[in-house]
Amino acid sequence: MAKPGGVRTSMLPFPTGNGQWVGRDSILHRYARHRVETDDSDSYIVADYFAIGVETTDGNQVDIHQPYKTETAALAAAGVVAQVLNLGASGPPIDVRMVVTKMSYPTLKSQFLVWSAILLFAVYAAWRWW
């Protein structure tokens with residue numbers, strides 16, 4: 001979600017609280033990047049897509065939305081969000097760039113694991129109840 005004051009992440013459809021807020025003053029630029037995810041042994045590709053996000057002034061990359069099938073679609077979506085961030089802004093305009101993947105996902109991964117565990121427990125409890 002983007003507003004002129006910044007962007008907020010979310011992990012739909014899971015209710016993960018308010019997500020991470022990144023204020024406009026902390027945003028260096030908007031980005032699009034190519035993501036290729038492999039299994040643990042790197043023997044085959046699990047996902048191949050483009051994501052958009054913001055890079056903060058301290059060098060963190062925060063994905064905002066994914067997946068996009070093409071670089072063009074990802075850059076166009078990042079451009080729309082940059083326009084929203086630049087509405088009525090007093091600072092320098094935020095531009096859009098293609099960047100390389102350099103971030104990890106400790107927060108999103110831990111949230112995903114917690115919700116997966118809750119789901120598995122609910123399925124197990126329902127199975128035992130029947």
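Derivation of every value follows stated rules applied to the coordinates shown; laboratory data play no part. Predicted model, so just to flag it, every value in this text is computed and none were measured. Cβ: placed from backbone, ideal geometry, glycine included. Neighbour counts: every protein chain shown.
Sorted fewest first by neighbouring Cβ atoms within 10 angstrom, Arg97, Arg128, Arg24, Arg30 come out as Arg128, Arg97, Arg24, Arg30.
Computed from the Cβ-Cβ distance with R0 of 30 Å, the FRET efficiency linking Asp39 to Trp127 stands at 0.60.
Rounded to the nearest whole Hz, the Karplus-based 3J(HN,Hα) values (6.51 cos²θ - 1.76 cosθ + 1.60, θ = phi - 60°) of region 114-130 follow the sequence 5, 5, 5, 5, 4, 5, 4, 5, 5, 5, 5, 4, 5, 5, 5, 5, 6, with x at glycine and proline. Here the mean projected area of the convex hull built on the C-alpha positions of region 2-102 is 7.1 nm². Determine which residues of region 44-71 fall in the zone a paramagnetic label at Phe112 would reach in this model, i.e. backbone nitrogen under 18 Å from the point 7 Å along Cα→Cβ. Zone members listed by number: 44-54, 61-69.
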